[in-house]
Amino acid sequence: MFKRLIALLLACMLTMGTLCAWAEPEGIAIDGESTLGEIDTVVDAGDLFLSIDDLGTSLLANDDGGEEALLPTVLSIKKSTTKKVKLGLDYQVEIPGKKIKRCSSSNKKIATVTDKGLIHTKKAGEVRITITLKKGSDIKLKLKVIDPTVPTAVTINEGSRATLVLAETKQLTATVSPDTAPQSVTWKSSNTVVASVDENGLVTALTPGQATISAVTANKLKAQLTVKVRRTASGRYMISHAMGGIDGYSYSNCLEGFLENYEEGHRIFEVDMELTSDGKIVLWHGWNRQFCSKYRKDRTPTYTEFMNSRIYDKYTPMDLEALLKLMDQYPDVRIITDSKHSSSTIVKKQFKAIVSTAKRLGIPEVLDRFIVELYTKDMYKVVEGIHHFKEYILNLYKLLGKAPSKSRLQNLASFCRKNGINTIAMYAKWWNPKYTGYVKSYGIDLALYTVNDPDEAQEYFNEGVNALFTDFLPPLD
């Protein structure tokens, strides 16, 4: 028994690098396989074995698995250095070719040390052991005492960024270090409107925009992944302007225009909303545009006059109620509201009517498919005070009288990101290819209006535009 114990101790010293050369004793085998965080080395001698893990912990045990002793691990150093050690274990300092005179600890609450260099770890943290030699300069040993049951780091295995298409899911996994610590994490989303994440790390893309998914350990360590949600895999899409053109007519805002463009494949429709002289919402671009031959332009009709007419003397006019019922009938459609007005009084009237009418019809869920078009920063606050819509788009035509400068566009992009507004729209004539680079880091889409030439459309897409309003172009494949 004693001879086998001596052989084991010699083998331990060899694996820790304290012997320069050694002939393996008969009957002792060293398993050189290594697995980080698990048993690195096993030394076997009959009915006893010695195991050494990645931090140098030496465990003497008998052949039936019963523990006999936990031996101090040798820390062999030649100069000042840093070592990671486990909490609650003992370590013996050795300086090859030198004799230790005395040792001291900078923090005895973390680790104590005897004058012979025997260290006992007591608490997780960092401590400096000063080793005074009988000859030569002092050696400083910085110890990082690690509690193997406490997480020190967490990573999301799928990286730091991901791009998803609407309704797409992605499974995330997290790794907690060290592997002896609990591996459970809590998953969180910074914007549950854009992307949700369940308790198992499954992310679901809900609306276009950007969200940060976090994996959080019990001791509040955090790993993050940024999710960009797009409408399409390419990030490009078409918007049917004013419910879509029909028979060569633009700004139709009529039922037939919707049906024809829906059949062609469009699923995102912009609608113009105006107030009649008696304060009702109907779908029309503005009273400076003649909607039928019976009434001249620049005259605001009553609700009855408008609804009893035919758009361009041919097509079915629509009001707010008809629009909401159409959205209920076509659940894959999204509507961009071009409500025309930025006055807070009119904005409140329009959006209160939209919300109350949807509720009165018993279809409040259609509100989630509105994309509210904003004309000023203040308008966002007004609309949010009425109802929290899931999507917004900032249109610059009322806010700016000319193409935006770099600083102005970045300021607006910053505002959009802060408030969950995922798109900035502007006149196509204002477009500058540099705009793509100006807003890229903000995760904001750029949209232009109105584009009806296919070659121009392709050029804009090639230059980084995400969306185009169109009267007559088909949707992208």
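The values are calculated or read from the model by the stated rules, or taken from the named source; none is laboratory data. Not measured: the values here are computed from a predicted model. FYI the Cβ positions are ideal-geometry reconstructions off the backbone, even for glycines, and counts take in every protein chain you see. Surface areas here come from the heavy atoms of the whole protein model, side chains and all, with no ligands, DNA or RNA. Shrake-Rupley method; radii C 1.70, N 1.55, O 1.52, S 1.80 Å.
Odds and ends about this structure:
- Between Ser104, Ser80, Ser76, the distinction of being over 30 Å from Ala181 (Cα atoms) and hydroxyl-bearing (Ser, Thr, Tyr) belongs to Ser104 only.
- Residue list for the range 290-311, filter: open to solvent by less than 80 Å² (accessible area, probe 1.4 Å), farther than 22 Å from Lys352 by Cα, part of a loop (DSSP other than H, G, I, E, B) and of a type in the set (Ser, Thr, Tyr): Ser309
- Positions within the range 275-328 being in contact with a helix residue (DSSP H, G or I) (Cβ under 8 Å, 6 or more places away or on another chain) and among the hydrophobic types (A, V, I, L, M, F, W, C), in sequence order: Leu275, Ile281, Val282, Leu283, Trp284, Phe291, Met318, Leu320, Ala322, Leu324, Leu326, Met327
- If the condition is being under 29 Å from Asn411 (Cβ atoms), open to solvent by 50 Å² or more (accessible area, probe 1.4 Å) and part of a loop (DSSP other than H, G, I, E, B), then the range 453-464 contributes only Glu463.
- Search result, residues across the range 196-224 that are crowded, with 23+ Cβ neighbours inside 10 Å and within 9 Å of the chain's Cα centre (by Cα): Ala211, Ile213
- Candidate set: the range 113-133, residues that are under 48 Å from the mean Cα position of the chain (by Cα) and buried (at least 18 other Cβ atoms within 10 Å of the Cβ); chosen: the one nearest to Val74 (Cα to Cα): Ile119
- Options Thr376, Thr450, Thr423: the member that is surrounded by fewer than 22 Cβ atoms within 10 Å (Cβ to Cβ), touching a residue at least 60 places away in the same chain (Cβ under 8 Å) and not basic (Lys, Arg): Thr450
- Whichever residue in the range 410-422 is of a type in the set (S, T, N, Q) and under 18 Å from the mean Cα position of the chain (by Cα) and, among such residues, is farthest from Ala211 (Cα to Cα): Ser414
- Within the range 391-409, considering residues that are open to solvent by 50 Å² or more (accessible area, probe 1.4 Å) and part of a helix (DSSP H, G or I), the one nearest to Lys434 (Cα to Cα): Lys406
- Number of positions in the range 426-447 that are of a type in the set (S, T, N, Q) and either within 24 Å of Val229 (Cβ to Cβ) or in contact (Cβ under 8 Å) with a residue 40 or more places away in the chain (or both): 2
- When Tyr91 is tested against the conditions (1) over 17 Å from Asp147 (Cα atoms); (2) modelled with pLDDT of 95 or more, the lone failure is (1).
- Flag for Ala467 being of a type outside the set (S, T, N, Q), open to solvent by less than 10 Å² (accessible area, probe 1.4 Å) and at pLDDT 95 or above: yes
- When Val382 is tested against (1) touching a Ser or Thr at 6+ places or on another chain (Cβ under 6 Å); (2) surrounded by 21 or more Cβ atoms within 10 Å (Cβ to Cβ); (3) assigned to a helix (DSSP H, G or I), exactly one condition is not met: (2).
- One residue stands out in the range 339-355 among those that are within 20 Å of Met318 (Cα to Cα) and not in a helix (DSSP H, G or I): the one that is most open to solvent (accessible area, probe 1.4 Å), namely His341.
- Check on Ala413, out of contact with any Cys (no Cβ under 8 Å at 6 or more places or on another chain), open to solvent by less than 10 Å² (accessible area, probe 1.4 Å) and more than 20 Å from Thr345 (Cα to Cα): yes
- Where a residue in the range 306-333 is over 14 Å from Leu283 (Cα atoms) and its partner, wherever it lies, is open to solvent by less than 10 Å² (accessible area, probe 1.4 Å) and among the aromatic types (Phe, Trp, Tyr), with Cβ under 8 Å and at least six apart: Val333/Phe269
- Any chance Gly136 is open to solvent by less than 70 Å² (accessible area, probe 1.4 Å), within 31 Å of the chain's Cα centre (by Cα) and at positive phi: no
- Flag if Thr217 is of a type outside the set (Gly, Ala, Ser) and under 28 Å from Asp332 (Cβ atoms): no
- Selected residue (criterion: surrounded by the fewest Cβ atoms within 10 Å (Cβ to Cβ)) from residues of the range 62-88 that are modelled with pLDDT of 80 or more and not in a strand (DSSP E or B): Lys79
- Test: Tyr442 is under 24 Å from Thr232 (Cα atoms), under 23 Å from the mean Cα position of the chain (by Cα) and open to solvent by 10 Å² or more (accessible area, probe 1.4 Å): yes
- In the range 165-195, of all residues being in a strand (DSSP E or B), open to solvent by 40 Å² or more (accessible area, probe 1.4 Å) and not β-branched (Val, Ile, Thr), the one that is modelled with the lowest pLDDT corresponds to Ser177.
- Some residue of the range 363-374 being of a type outside the set (A, V, I, L, M, F, W, C), more than 24 Å from the chain's Cα centre (by Cα) and farther than 23 Å from Thr192 by Cα: no
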